[in-house]
1. Just going by the charge dipole of the chain, with Lys and Arg at +1 and Asp and Glu at -1 on Cβ, which of TRP52, ILE142, PRO114 is farthest out on the positive end?
2. Lysine pairs in the chain with alpha-carbon atoms under 22 Å apart, 8 or more places apart or on different chains: how many are there?
3. Can you give the local net charge around MET79? Use residues other than it whose beta-carbon is closer than 13 angstrom to its beta-carbon, Lys and Arg +1, Asp and Glu -1.
4. Averaged over all directions, how much area does the convex hull of the C-alpha atoms of the stretch 3-148 cover when projected, in nm²?
5. Note the full-extension length gain between GLN19 and ALA141 as 0.36 nm times their separation in residues minus their Cα-Cα distance, in nm to one decimal.
6. Multiply the residue separation of GLN75 and THR115 by 0.36 nm, subtract the distance between their alpha-carbon atoms, and state the gained length in nm to one decimal.
7. To the nearest 0.05, how large is the calculated FRET efficiency for ALA61 and ASN3 if R₀ is 30 Å and r is the Cβ-Cβ distance?
8. Per residue of the stretch 62-70, in order, report the coupling 6.51 cos²θ - 1.76 cosθ + 1.60 (Karplus, θ = phi - 60°) as ³J(HN,Hα) in whole Hz, putting x for Gly and Pro.
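What follows draws every value from the coordinates through simple rules; no lab data is involved. Quick caveat, the model's predicted, so the values are computed rather than measured. Neighbour counts run over all protein chains shown; Cβ positions are idealised from the backbone, glycine included.
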Amino acid sequence: MTNLSHGIVTFATLYVATQDVFIAGSAMLGSMFPDKVEGPLFRFIHRCYSHWFVLYAAALAFFWTPEVLSAKGIQLWQMGIAHMGRMFLFWFFAGGLLHIVEDAVCGPVPVLYPTKRTTVLPRLFKTGSVGECLFVIAYCAILYMAAAGGIKI
Ligand SMILES: [Zn+2]
């Protein structure tokens, strides 16, 4: 999946789930991290350590506080910059974890070992294809209808 698609799908998912732009925006930035961190080595080490869910799960456990799910808006400012940074990093790495799930629908990702990629979900489209564009549009439309219908995802 392209970075643009990762950003759109992650932002839409977390905004519908939380109704919080800070959370959705933090996760959107984090959803671009796994591909961006590969840098110029993208062609050689793509979907390796940067796409191993264990690292993101460990980061989520490290940055977890009970307030990451409840603090909103002005509460964030009142809690101080250190707490706000911790919340940003929690949702940033949550976005990274969503990136891996999103990549799993368009190819293999590492599961047990960071250097061994496995197909875990059926491949729905090729990265950068018209199919990916249609998937993103359909996914956002379903989220919109679910949110408009009052269904909490
Ligand atoms: Zn990726």
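1. PRO114
2. Lysine pairs meeting both conditions in the chain amount to 4.
3. Taking every Cβ under 13 Å from that of MET79, the sum is +1.
4. Mean projected area of the Cα convex hull: 9.4 nm².
5. Here the segment from GLN19 to ALA141 would lengthen by 42.3 nm.
6. Result for the pair: 10.3 nm of gain on full extension.
7. Efficiency, from the Cβ-Cβ distance: 0.70.
8. So the J values, rounded to whole Hz, are 5, 8, 5, 9, x, 7, 4, 9, 10.
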